[in-house]
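Have a look at the structure below before the remarks.
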Amino acid sequence: MESYMITAWLGGLLIGWLVVLHFLMIGRGAGCSSAYACVVDVLHKDINLFGSLDPMRFFFVLGLPIGGLIHTLVFQSSWGLSFDMGVYEQVLPVSTALKVLVLFIGGTLLGFGARLAGGCTTGHALVGGAMLNWASMLTAVLFFVVATATTWLMFKVI
Amino acid sequence: MHMKIEKGASLGLGVVFGFLLVSVGATSFDTQAAMFLFKDFQLPIVLAVAMMTGVVGVWMIKRMKASSIIVQQQIEFMKIPFSKNLIMGSIFFGIGWALTASCPGTAVAMLGEGKLVGVPVVAGILAGTWVYGLMGKKKQAGSE
């Protein structure tokens with residue numbers, strides 16, 4: 001475990017309040033995955049691929065790396081570029097090119113799956129959960145079950 | 001004017017969210033793997049407590065009939081309805097989550113930490129989103 005991590009219950013409390021604060025300030029729920037659709041929409045100006053999008057999602061997600069940078073500068077020993085993957089080094093291919101390929105394919109599945117499911121961990125688990133939307137909660141559980149099964153296959157079987 | 005404030009507020013909320021995702025270890029490969037291998041319950045506890053806190057907060061907003069602070073509108077609680085796509089989407093998303101130990105939010109936050117592993121993941125998410133958009137467009141064109 002990383003040394004800078006805060007207690008789980010405190011982190012959960014703060015993230016929960018952030019979700020509520022987002023509703024209060026912006027008037028809508030938070031979300032991450034549709035920000036990618038905003039980017040694709042700008043890159044693919046000629047046709048409208050996604051219908052109506054909330055541009056605020058883009059600004060929300062734009063803030064995430066800034067938050068990550070601030071955290072690293074304040075609480076971690078030093079900021080630097082790294083390609084360290086921790087325990088994932090054991091299960092992913094040794095060659096960097098193949099690692100990049102696996103991560104890219106994984107990312108593709110995340111992006112495609114999030115659009116098909118109408119949201120990611122933020123939209124379904126955190127925000128959908130806060131609204132007690134059963135379809136969102138079911139989706140969040142399925143995300144978790146499929147990811148758990150895949151991780152066990154990666155670490156224990158293959 | 002409102003748009004500018006809303007953009008700034010969204011960015012600010014994102015900064016705090018990114019900071020918190022790193023604080024709880026959501027951007028760490030080891031913490032993510034430990035969650036799925038049932039070795040450590042840091043992230044499941046974070047998710048569960050965040051959800052419960054959110055439920056209380058949303059209940060309070062509804063009870064107080066609060067309107068949004070910036071635009072002074074009624075707050076929208078848009079619930080995604082159930083469809084078969086949710087199940088298919090979950091399968092793709094779950095496999096992607098396990099392969100990358102990230103989700104669309106944490107992958108971007110990783111970039112700020114200098115974790116280059118986030119770069120192919122973010123590029124992949126963009127590609128997957130793009131493919132979904134193009135497929136949807138084709139389907140639409142076919143049905144017209």
Could you check region A:22-81 and list, in sequence order, the residues that are open to solvent by 70 Å² or more (accessible area, probe 1.4 Å), among the small types (Gly, Ala, Ser) and more than 30 Å from residue B:139 (Cβ to Cβ)?
A:77, A:78
Where residue A:86 falls short, out of the listed (1) open to solvent by less than 50 Å² (accessible area, probe 1.4 Å); (2) assigned to a loop (DSSP other than H, G, I, E, B); (3) touching a strand residue (DSSP E or B) at 6+ places or on another chain (Cβ under 9 Å)
(3)
Just need a number here: residues in region A:90-121 that are among the aliphatic types (A, V, I, L, M) and either assigned to a loop (DSSP other than H, G, I, E, B) or more than 7 Å from chain B (Cβ to nearest Cβ) (or both).
6
Counted residues, region A:122-141 - those being assigned to a helix (DSSP H, G or I) and buried (at least 20 other Cβ atoms within 10 Å of the Cβ)
12
Quick one: which residue in B:131, B:122, B:108 is under 15 Å from residue A:37 (Cβ atoms), outside the structural domain of residue B:24 (by TED's automatic domain parsing), touching a residue at least 60 places away in the same chain (Cβ under 8 Å) and not in a strand (DSSP E or B)?
B:108
The number of residues in region B:104-135 that are in contact with a Phe, Trp or Tyr (Cβ under 6 Å, 6 or more places away or on another chain), over 18 Å from residue A:40 (Cβ atoms) and open to solvent by 10 Å² or more (accessible area, probe 1.4 Å) is 1
Can you confirm whether residue B:61 is open to solvent by less than 10 Å² (accessible area, probe 1.4 Å) and touching a Pro at 6+ places or on another chain (Cβ under 8 Å)?
no
Could you tell me whether residue A:116 is more than 19 Å from residue B:100 (Cα to Cα) and either under 18 Å from the mean Cα position of the chain (by Cα) or not acidic (Asp, Glu) (or both)?
no
Tally time: how many residues in region A:91-116 are polar (S, T, N, Q) and exposed (fewer than 15 other Cβ atoms within 10 Å of the Cβ)?
2
Could you figure out which of (1) facing chain B (nearest Cβ under 7 Å); (2) free of Cβ contacts under 8 Å to residues at least 24 places away in the same chain; (3) more than 16 Å from residue A:59 (Cβ to Cβ) isn't true of residue A:18?
(3)
Among the numbered criteria (1) among the aliphatic types (A, V, I, L, M); (2) assigned to a helix (DSSP H, G or I); (3) more than 7 Å from chain A (Cβ to nearest Cβ), which single criterion is violated by residue B:91?
(3)
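The values are calculated or read from the model by the stated rules, or taken from the named source; none is laboratory data. These numbers come from a predicted model, not from an experiment. All Cβ positions, even for glycine, are placed from backbone atoms using ideal geometry, and neighbour counts span all protein chains on display. SASA here: full protein model, heavy atoms, side chains in, ligands and nucleic acids out. Shrake-Rupley method; radii C 1.70, N 1.55, O 1.52, S 1.80 Å.
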